[in-house]
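The values are calculated or read from the model by the stated rules, or taken from the named source; none is laboratory data. All of these numbers come straight from a predicted model, not from anything done at the bench. Here the Cβ positions follow ideal geometry from the backbone for every residue, glycine too, while neighbour counts run over all protein chains shown.
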C-alpha cells in the first residue's frame with residue numbers, strides 16, 4: 001500500500017486532493033496537459049470524446065458558482081456526464097450520513113467525485129471511502145487546500161512569465177483563512193519559484209508561515225516591491241464582522257491594490273485574483289479591469305487545467321483495469 | 001528482419017506526389033488543404049505541400065483525445081496539440097499519414113476534423129498501406145502496399161532524412 005493516497009503504485013495521479021508532497025514532474029505534467037486542452041475551447045465544437053460514458057458527480061457541501069461551473073464545463077468538454085449535487089440543501093439535512101450518501105452515489109456507478117466541503121480533510125475522507133476505481137478531486141476543503149485553483153494560477157503564471165525559475169511572487173491578503181494561498185505556496189515552491197512573499201495584517205497571517213519557505217510582510221508597498229506576480233486574495237466579509245479587521249474601507253486604505261501602489265511592482269507584473277473580487281476592498285476597480293490584470297484569463301485557464309486533472313486521474317485507472 | 005526490401009522513401013514520396021496531383025485534377029479538388037497526423041504524417045504533409053505548391057498553411061492533427069483506447073491505456077504522453085489554421089467548412093481536405101494499418105487512427109482523425117467544421121471532401125494519402133485493417137477505411141493515394149504479419153511492423157523515422165524501419169514491436 002502506497003502511503004500517499006493521491007498516487008498509485010506507478011506514481012500516477014489517482015486522486016487530486018492537495019499539492020503537498022506531489023513531485024514537480026507531476027505538476028509540470030498537469031500544466032503541459034492543460035496546454036493541450038486550451039485549444040479545444042477555441043474550436044467550433046468545444047468538446048473531445050476522451051471521457052465519453054464516464055459519470056462525474058459534483059458534490060458541493062458549500063456554495064460555489066465559478067468553481068462548480070468550470071468543473072462542470074471541463075467535464076462536459078471531455079464528454080463526461082455530469083451531475084451537480086448541492087448536498088447542503090438535500091441529504092444531510094434529512095439526516096443521511098456522508099458515508100451513506102456516498103454509497104448511494106457509488107451505486108449509480110459514478111467514476112469521479114468533485115468535492116467541495118467546509119471541513120478540511122473531507123475530500124480525503126471520501127477518497128478513502130470510495131472503491132478503488134473511483135477518483136476524487138478536491139474543489140476546496142475548509143482552510144486546507146484548493147489544488148485545482150493553485151494549478152490554474154500556476155498555468156496562468158507560466159503563460160505570462162514562461163518559466164518559474166527567476167520569479168518573485170507576492171500573495172496579498174487573508175492568508176490565514178485561505179485554502180487557495182496554502183495550495184499556491186506549495187505549488188510555487190515545488191515548481192521552483194525562488195521568492196514567495198506573503199503580505200497582510202498580523203491578524204490574517206498564520207504563525208509559522210516562514211517554515212514553508214516564504215517571507216512575511218505586513219507592509220503592502222514593501223511586500224509587492226519588484227514583484228513579477230501579485231496574487232490578491234478575497235477578503236471574506238465575515239472576517240470584518242468577527243473583529244479581525246476594522247472595516248472594509250480601512251482595509252482598502254492599508255492593503256487594497258490601487259494603480260499607484262501597483263507601480264511598486266515590476267513594470268510588467270501581472271495581477272491575479274481567485275475571484276469573486278470585492279471591488280474597493282482588496283482591489284481597486286482600475287486595477288481589476290486594468291491592462292495588468294489577468295483575472296479573466298484565470299477563469300478560462302481553469303477549464304483547461306480541470307480537464308487535464310480529470311483526464312489524468314481517470315486515465316490512471318486504465319492499465320489497472 | 002532483413003527479408004523486407006529496403007524502401008526508398010524519397011521514391012515513394014515522388015510516387016504519392018504524382019498520384020495526389022493527378023487525383024486533385026480528376027476529382028476537381030478546389031484549393032485543397034493538407035492535414036498531417038502527428039508526427040510522421042506531418043513530415044510527409046510538409047513535403048507534399050512544398051512539392052505541390054500549396055499556399056494554405058499546413059494543418060497538424062494530434063489525435064490523442066480521440067483515440068479509442070483511453071480506457072485501456074489512459075493519457076498519452078504529451079505531444080504538441082492539434083492546429084488547423086484554416087477554415088474547414090466546405091473545404092477539400094487531404095489527410096496525410098505515414099502508415100495505414102488498423103484504420104483506427106484515421107477514424108479518430110476524421111472524428112476530430114469534424115469537430116472543427118464540415119469539410120466538402122477528405123482524401124486520404126499514406127506512404128505505406130499495410131495489411132491488418134480492422135475498420136472499413138481505405139487510402140485514396142498510397143506509396144506502396146505491404147503484406148505483413150501481425151507481429152511485423154513498419155514505422156517512419158525522421159524528419160531528416162526520412163526512412164522506413166521494420167521492427168517487431170509496435171511503437
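Points to keep in mind about this one:
- Of all residues in the range B:81-92, those that are closer than 30 Å to residue A:28 by Cβ, more than 7 Å from chain A (Cβ to nearest Cβ) and surrounded by 13 or more Cβ atoms within 10 Å (Cβ to Cβ) total 2.
- Checking A:85, A:102 one by one, the residue that is outside any strand (DSSP E or B) and away from every other protein chain (no Cβ under 13 Å) is A:102 and no other.
- Among the residues making up the range A:273-286, those that are in contact with a helix residue (DSSP H, G or I) (Cβ under 6 Å, 6 or more places away or on another chain) and not in a loop (DSSP other than H, G, I, E, B) are A:279, A:286.
- Identity of the residue in the range A:3-30, part of a strand (DSSP E or B) and more than 11 Å from chain B (Cβ to nearest Cβ), that ends up nearest to the chain's Cα centre (by Cα): A:16
- Among residues of the range B:14-42, those that are under 11 Å from residue B:127 (Cα atoms) and in contact with a strand residue (DSSP E or B) (Cβ under 7 Å, 6 or more places away or on another chain), counted: 4
- Some residue of the range A:149-167 being assigned to a helix (DSSP H, G or I) and free of Cβ contacts under 8 Å to residues at least 60 places away in the same chain: no
- Residue A:38 within 30 Å of residue B:84 (Cβ to Cβ) and either at pLDDT below 90 or more than 14 Å from chain B (Cβ to nearest Cβ) (or both): no
- Any hit, the range B:50-66, residues being under 20 Å from residue B:103 (Cα atoms), within 14 Å of chain A (Cβ to nearest Cβ), assigned to a helix (DSSP H, G or I) and under 12 Å from the mean Cα position of the chain (by Cα): yes
- Of the candidates B:164, B:148, the single residue that is farther than 13 Å from residue B:95 by Cα and either assigned to a strand (DSSP E or B) or touching a helix residue (DSSP H, G or I) at 6+ places or on another chain (Cβ under 6 Å) (or both) is B:164.
- Here the range A:60-74 is the region considered, the condition is being out of contact with any strand residue (DSSP E or B) (no Cβ under 7 Å at 6 or more places or on another chain) and within 26 Å of residue A:160 (Cβ to Cβ), and the residue that is farthest from the other protein chains (Cβ to nearest Cβ) is A:65.
- Residue in the range A:41-59 that is in contact with a strand residue (DSSP E or B) (Cβ under 8 Å, 6 or more places away or on another chain), assigned to a helix (DSSP H, G or I) and either within 14 Å of another protein chain (Cβ to nearest Cβ) or surrounded by 15 or more Cβ atoms within 10 Å (Cβ to Cβ) (or both) present: no
- Leading residue by the ranking (surrounded by the most Cβ atoms within 10 Å (Cβ to Cβ)) among those in the range A:279-321 that are away from chain B (no Cβ under 14 Å) and without any contact (Cβ under 8 Å) to a residue 12 or more places away in the chain: A:279
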